[in-house]
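Please read the structure below before turning to the comments.
The values are calculated or read from the model by the stated rules, or taken from the named source; none is laboratory data. Being a predicted model, the structure only gives us computed values, none of them experimental. Cβ atoms come from the backbone with ideal geometry, glycine included; neighbour counts cover every protein chain shown.
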Amino acid sequence: MEYEEAKQKIVEGLQKKQKVKSKFYFNDLAKILDEKPRVAKKLINQMITDGVLEYWSSGSTSMYGLKGAGKQAGAEHEEASDKE
Amino acid sequence: MKHETPLLDQLETGPWPSFVSDLKQEAEKRAKNEEGTEFQIPVDVVDDLIGVLELSYKHGCTHWKHGGIVGVFGYGGGVIGRYCDQPEMFPGVAHFHTLRVNQPAGHFYTTKYLRELCDLWDFRGSGVTNMHGSTGDIIFIGTTTKQLEEIFYEMTHKLDQDLGGSGSNLRTPSDCIGQARCEFACYDTQDLCYELTQEYQDELHRPAFPYKFKFKFDGCPNCCVASIARADLSFIGTWRDDIKIDQEVVQAYMGGEIAPNGGAHKDRDWGPFDIQKEVIDRCPTKCMWMDGKELKIDNKECTRCMHCINVMPRALRIGNDRGVTILAGAKAPILDGAQMGSLLVPFMKVEPPYDEIKEKVIEPIWDWWMEEGKNRERLGELMKRQGFQKLLEVTGFDPDPRMIQEPRSNPYVFWKEEEVPGGWSRDINEFRKQHQR
């Protein structure tokens, strides 16, 4: 899959769900791209580098979101608590 | 102290060294600042840390929020965002992020290196560290967002030091001291740990796994880094020939000339060394006996418990044909309870560049887990959900009796039709002629 096409799919896919949630697991993104994890990883990494996506980490779990989307430092306690 | 801490003070009264005393000492050191450090985060950060902890004890709940987007450029792990939910009361810890530092293999470092790390952390962080806790890595506890890139630059450019793994990444690989100092080490744990750390940099720093994944390397079955209990893939050194016996030295132990266990129990009089009671009868598979003055071992029954070698290290030594046993799926309890590793590879030689380990074990397992693993599912849980046989299928290893704890207790090996000569397809109508429904 071409990068630009992947970017469009991810941005549209995540924006569609924006009202429900702003952080997504890697597998959710791979599913949107309909690609195997290793192929999806390359595309998603590029989106991180380009500032389309950003990482979110609880310490034990990592998630992805559209840059600047959703609640940030002010209200990050909604995620289920877990052990590092 | 800045805050009254009656509840924390009580913790210091117990018999053990207290982290409260350590924190108070650090708070005092920062307040005095005798070394003239130009602190880049609030001087009273440790005071406020003590304060917020006291408040948590009082309220019976935490005052830390959960996670964040902070990190350093290009890395998805190694930095964990921490924010306090009482920033007005405790401004020093309003932003209090954690950094993970990739510890040197085998925890080998010089005091100079350690001092440089601490100086950097005093300058740009709270000064509070967690050295080699259950994760094994070095944890820097508490700094502000602005300091993260500065610390990362200093570490990577001046100290030749990388961040460790956190989040849904390969976690910082961890190993025992290995052949550097230990005669029991069956392979070079430090080399394998270092090589895999370098090889899998992408997995360490860019999270794309369903959850955390840990490698741990133990040079022998004494398991000093407890890989069997904690690592998704544990590499435990072993040998497949015979334990080497020096009969003369066995006699020296029996005659009391050499202290058993390297003298570890000599502070108390346990009476004369009794090889029957302390070694032979303790063997879990009863594979040892005395034949006159000779100690005999039925090596094929040995399960590598290491007890006899630990008690008489000068008389008994690990075999010469050495390699590694690989177990999969250990984890601590969060979902599904704690699990020990299950044996996947009974024996494999450990030879650089370790292609067999990478290509036959690690990468097929990752491919399977990345594709099939549910969000926040560890390898051990996937193995339980889809079955050990599936793990054998994806890695291509043959089922082996050593993978089964005892006969008939975990019948996970099933034959498939294509594996049986002639198959087993049948004509149901023919079958029904002889068998009623």
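Points to keep in mind about this one:
- Candidate set from the stretch B:66-76 (those that are facing chain A (nearest Cβ under 7 Å) and crowded, with 20+ Cβ neighbours inside 10 Å); member that is farthest from residue B:150 (Cα to Cα): B:67
- Some residue of the stretch B:345-355 being crowded, with 17+ Cβ neighbours inside 10 Å and under 18 Å from the mean Cα position of the chain (by Cα): no
- Look at the stretch B:324-340: where a residue is more than 25 Å from residue B:188 (Cβ to Cβ) and within 14 Å of chain A (Cβ to nearest Cβ) and a partner is part of a loop (DSSP other than H, G, I, E, B) and among the polar types (S, T, N, Q), sitting 6+ places away or on another chain with Cβ atoms under 9 Å, you get B:332/B:134; B:334/A:60.
- Count of the stretch B:380-437 residues which are surrounded by 10 or more Cβ atoms within 10 Å (Cβ to Cβ) and part of a loop (DSSP other than H, G, I, E, B): 10
- Candidates B:49, B:23, B:7, B:55: the one that is touching a Lys or Arg at 6+ places or on another chain (Cβ under 9 Å) and either in a helix (DSSP H, G or I) or in the same structural domain as residue B:97 (by TED's automatic domain parsing) (or both) is B:7.
- Of the listed requirements (1) crowded, with 21+ Cβ neighbours inside 10 Å; (2) more than 20 Å from residue B:133 (Cβ to Cβ), residue B:202 misses just one: (1).
- In the stretch B:245-259, the residues that are closer than 18 Å to residue B:291 by Cβ and touching a residue at least 40 places away in the same chain (Cβ under 8 Å) reach residues that are of a type in the set (Gly, Ala, Ser) and not in a helix (DSSP H, G or I) with C-beta atoms within less than 7 angstrom, at least six apart or across chains, in these pairs: B:245/B:315; B:246/B:315; B:249/B:315; B:250/B:315; B:253/B:315.
- Tabulated pairs, the stretch B:355-372, first modelled with pLDDT of 95 or more, second aromatic (Phe, Trp, Tyr), C-beta under 7 angstrom, 6+ apart or interchain: B:370/B:209
- Residue in the stretch A:63-73 that is at pLDDT below 90, surrounded by 15 or more Cβ atoms within 10 Å (Cβ to Cβ), part of a helix (DSSP H, G or I) and within 7 Å of chain B (Cβ to nearest Cβ) present: yes
- The one condition from (1) more than 27 Å from the chain's Cα centre (by Cα); (2) assigned to a loop (DSSP other than H, G, I, E, B); (3) surrounded by fewer than 16 Cβ atoms within 10 Å (Cβ to Cβ) that residue B:39 does not meet is (3).
- Scanning the stretch A:4-39 for residues that are away from chain B (no Cβ under 12 Å) and touching a residue at least 40 places away in the same chain (Cβ under 8 Å) returns A:6, A:7, A:10, A:11, A:14, A:15, A:18, A:21.
- Subset of the stretch B:79-101 [touching a strand residue (DSSP E or B) at 6+ places or on another chain (Cβ under 7 Å) and more than 9 Å from chain A (Cβ to nearest Cβ)]: B:84, B:90, B:93, B:94, B:96, B:97, B:99, B:100, B:101
- For the stretch B:387-413, the set of residues classified as β-branched (Val, Ile, Thr) and at pLDDT below 90 consists of B:404, B:413, listed by residue number.
Here is a yes/no grid of residues against (1) in the same structural domain as residue B:340 (by TED's automatic domain parsing); (2) out of contact with any strand residue (DSSP E or B) (no Cβ under 6 Å at 6 or more places or on another chain); (3) among the β-branched types (Val, Ile, Thr):
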position: B:214; (1), (2), (3): yes, yes, no
position: B:234; (1), (2), (3): yes, no, no
position: B:254; (1), (2), (3): no, yes, no
position: B:258; (1), (2), (3): no, yes, yes
position: B:275; (1), (2), (3): no, yes, yes
position: B:290; (1), (2), (3): no, yes, no
position: B:293; (1), (2), (3): no, yes, no
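- Filtered residue count, the stretch A:40-52, keeping only those that are surrounded by 13 or more Cβ atoms within 10 Å (Cβ to Cβ), within 11 Å of another protein chain (Cβ to nearest Cβ) and among the β-branched types (Val, Ile, Thr): 2
- Identity of the residue in the stretch B:357-377, touching a Leu at 6+ places or on another chain (Cβ under 9 Å) and under 17 Å from residue A:28 (Cα atoms), that ends up surrounded by the most Cβ atoms within 10 Å (Cβ to Cβ): B:369
- Check on residue B:152, surrounded by 23 or more Cβ atoms within 10 Å (Cβ to Cβ) and in the same structural domain as residue B:97 (by TED's automatic domain parsing): no
- For the stretch A:15-26, the set of residues classified as at pLDDT 95 or above and in a helix (DSSP H, G or I) consists of A:26 only.
- Looking only at residues of the stretch B:104-117 that are buried (at least 16 other Cβ atoms within 10 Å of the Cβ) and at pLDDT 95 or above, we find that the one that is nearest to residue B:127 (Cα to Cα) is B:117.
- Residue B:180, sole failed condition from (1) out of contact with any Gly (no Cβ under 8 Å at 6 or more places or on another chain); (2) surrounded by fewer than 19 Cβ atoms within 10 Å (Cβ to Cβ): (1)
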